[in-house]
Amino acid sequence: MPIAALAAGSLAVIACQGDASTLDPAGPRAATIARLTWVMTAAGILVFVVVMAALFVAIRRSSSGAPLVAAPSDARIIVAGGIVLPAIVIPLLWAMTLADIASMATPPSRAVLTVEITGHQWWYEVRYPDLGISLVNEMRIPAGRPVSLRIRSADVIHSFWVPRLTGKIDMIPGRVNEHWVQADEPGRYPVVCAEFCGLWHARMRMEVVAERPEDFERWLAERRSGFAPTLGSLHSRGGP
Ligand SMILES: [Cu+2]
């Protein structure tokens with residue numbers, strides 16, 4: 001039993017790290033989601049412990065031969081734990097969730113760039129409509145700046161998800177979903193498809209490459225001059 005607990009604890013800690021861990025946020029949107037996750041988890045654990053303690057007391061009482069008829073004082077416990085506590089905790093968590101959803105709806109400052117991402121079975125087409133640039137399975141953005149995303153699909157429903165930067169958003173044929181993303185630091189952030197979309201769904205991957213703004217500007221200038229290295233834009237397509 002201690003070994004199992006140790007193994008479970010180790011796995012839980014390992015899961016907090018890594019390129020695709022939501023518990024290791026690297027942008028404001030993911031940070032909000034991670035904070036809400038911890039608040040919800042803590043509240044859930046607290047309620048679980050209180051309920052288990054009440055259950056333990058009830059079992060002790062029944063096994064000691066005490067009458068199972070509720071005492072008058074039990075009514076107060078039932079009202080406090082069954083009505084007052086949920087009436088406080090649930091609206092509180094609900095209000096926090098609504099506030100976080102509202103805060104994530106708009107970026108902290110004006111988006112510096114618009115990127116159109118189209119899901120295909122099983123790869124991503126990335127277009128910069130204002131810059132005339134197209135990439136495959138890679139999106140370059142400047143770090144520390146919000147980027148506006150227009151998300152769509154060319155075939156079936158996919159779900160665009162950058163675990164360390166932002167939550168999931170569906171890629172739906174015939175519809176454009178507005179989204180935004182920001183990476184606080186330069187780095188490479190994996191993107192996964194979070195909606196089963198066919199046999200090669202698990203291989204539908206791409207990367208967000210966040211660069212220092214000056215490096216991003218240099219990359220843009222190289223692309224425009226036609227001397228840009230095409231590595232990145234010519235990644236092999238996902239699928240068979
Ligand atoms: Cu997909």
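Just so it is clear, none of the values below were taken in a lab; they were calculated from the coordinates. Bear in mind the structure is a predicted one, so any value in this text is a computation, not a measurement. Cβ coordinates were reconstructed from backbone atoms using ideal geometry, including for glycine residues, and neighbour counts include every protein chain displayed.
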Checklist entry - Which of the listed residues, Ala202, His179, Ile151, is farthest toward the dipole's positive end in segment 113-225, when Lys, Arg count +1 and Asp, Glu count -1 at the beta-carbon? => result Ala202
Checklist entry - By how many nm would the segment from Ser109 to Asn177 lengthen if fully extended, with 0.36 nm per residue of separation less the alpha-carbon distance? => result 22.5 nm
Item to check | Packing-based order for 18-24, 103-109, using average beta carbon neighbours within 10 Å, highest first | outcome: 18-24, 103-109
Next on the checklist: Between Val51 and Ser73, what is 0.36 nm times their sequence separation minus the Cα-Cα distance? Round to one decimal in nm.
Outcome noted: 6.2 nm
Checklist entry - D for segment 113-225, whole µm²/s, Stokes-Einstein with Kirkwood Rh over alpha-carbon pairs at 10 °C and 1.306 mPa s: what number? => result 113
Checklist outcome for this item: If the label point sits 7 Å along Cα→Cβ of Arg203, residues of segment 133-176 with amide N under 17 Å come out as 137-138
Item to check | nm² value of the averaged projected area, convex hull over the Cα atoms of segment 20-105 | outcome: 7.4
Next on the checklist: So if I place +1 on the C-beta of Lys and Arg and -1 on the C-beta of Asp and Glu, and nothing else carries charge, what would the dipole magnitude of segment 20-105 be about its Cα centre? I want it in debye, nearest 20.
Outcome noted: 180
